[in-house]
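Beneath this line is the structure, given in structure tokens, with notes to follow.
Where a number appears in this text, it was derived from the coordinates with a stated rule and is not lab data. As the structure is a computational prediction, the values presented were derived from the model and not from experiment. Note: ideal-geometry Cβ built from the backbone for every residue, glycine included; neighbour counts use all protein chains shown.
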Amino acid sequence: AQTVTQSQPEMSVQEAETVTLSCTYDTSENNYYLFWYKQPPSRQMILVIRQEAYKQQNATENRFSVNFQKAAKSFSLKISDSQLGDTAMYFCAFTDLTYTGTASKLTFGTGTRLQVTL
Amino acid sequence: DTEVTQTPKHLVMGMTNKKSLKCEQHMGHRAMYWYKQKAKKPPELMFVYSYEKLSINESVPSRFSPECPNSSLLNLHLHALQPEDSALYLCASSQGLGGGRTGNTIYFGEGSWLTVV
């Protein structure tokens, strides 16, 4: 069974600074996808970034980038130029290519609560 | 803006009531999901529909009854719920097989807050 571990329950960063959120996972699969989702106080789950395991190049989306280390099974999220609107719970998630029909099963980590301060 | 729409956003119901949560997606996705999320916890998968057929039921109590009338709509019928069922219920969808590199990506709605009294 796949597991996803986020070892930092809470983090704080000042506005405009850079912060890195950690995530490790365990799987015996070779092909899979990793995601970071953001859940602000409004509770909507928002996709931040996606990484395909077969791609060596780290994914980037504007101020968000990942450090994907497949051998180490590590998938950290870096947020540059942090903004107050980045305050949220961040979930790391994993899905492999084992479909049931056309669907995917997401395995979530326990989340990291990020507070951006002035 | 999300393209997965959930109604109502808030629902308060008694333990003897029957109510429904509704979800609609406008992205042509072929898989739809219901998740339950308690405070400070990650979402827990409840049901998955694939091509309008129920493909996963994560041993959810029968007081929760899903329905997928067509590929764009997903309902969750609620009956005889308990106070511990109070939670945020998230609907989600994904494109599925044939969806290319984004096929596995699951997109969530804003959620329906359910309070059982």
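Just tell me how shielded B:107-114 is by partners: mean number of partner chain Cβ atoms within 10 Å of each residue's Cβ, no decimals.
Numbers: counts 3, 7, 2, 5, 5, 0, 1, 0.
Mean inter-chain Cβ contacts per residue within 10 Å come to 3.
Toward the positive end of the charge dipole of the range A:58-118, about the Cα centre and with charges on Cβ (Lys, Arg +1; Asp, Glu -1), which of A:118, A:62, A:94 goes farthest?
Of the candidates, A:94 comes out farthest on the positive side.
Suppose we flag trypsin sites (Lys or Arg not before Pro) only when DSSP calls them loop and at most 16 other Cβ atoms lie within 10 Å. Which is the longest uninterrupted stretch of chain B?
Values: sites that count: B:9, B:38, B:40, B:63.
Counting at most 16 other Cβ atoms within 10 Å as exposed, the longest clean stretch of chain B is B:64-117.
If you place +1 on the Cβ of every Lys and Arg, -1 on the Cβ of every Asp and Glu, and leave all else neutral, what size is the dipole of chain A about its Cα centre, to the nearest 20 Debye?
So the magnitude is around 180 debye.
Hand me the tally of lysine pairs in the range B:22-117: alpha carbons under 21 angstrom apart, and the pair either on different chains or 8 or more positions apart.
Working: B:22/B:36; B:22/B:38; B:22/B:53; B:36/B:53.
Final tally of qualifying lysine pairs is 4.
Output the lone cysteines of chain B: those with no second cysteine's C-beta under 4.7 Å from their C-beta.
B:68
Counting only other chains, what is the mean number of Cβ atoms within 10 angstrom of the Cβ of each residue in peptide A:105-115? Mind showing how you got there, number by number?
Details: counts 7, 10, 2, 7, 1, 3, 3, 0, 1, 0, 0.
Per residue, the number of nearby Cβ atoms from other chains is 3 on average.
Which order, highest average first, do B:79-89, A:62-72, B:106-116 follow once you tally other Cβ atoms within 10 Å for each residue and take the mean per peptide? Kindly include the intermediate steps, with their values, before the conclusion.
Working: B:79-89: 16.0, A:62-72: 14.2, B:106-116: 20.8.
Per-residue mean Cβ counts within 10 Å order the peptides as B:106-116, B:79-89, A:62-72.
Please find the FRET efficiency linking residue B:84 to residue A:64, where r is the Cβ-Cβ separation and R0 is fixed at 35 Å, and quote it to the nearest 0.05. Walk me through the intermediate numbers first.
Values: r = 36 Å, r/R0 = 1.02.
Efficiency, rounded to the nearest 0.05: 0.45.
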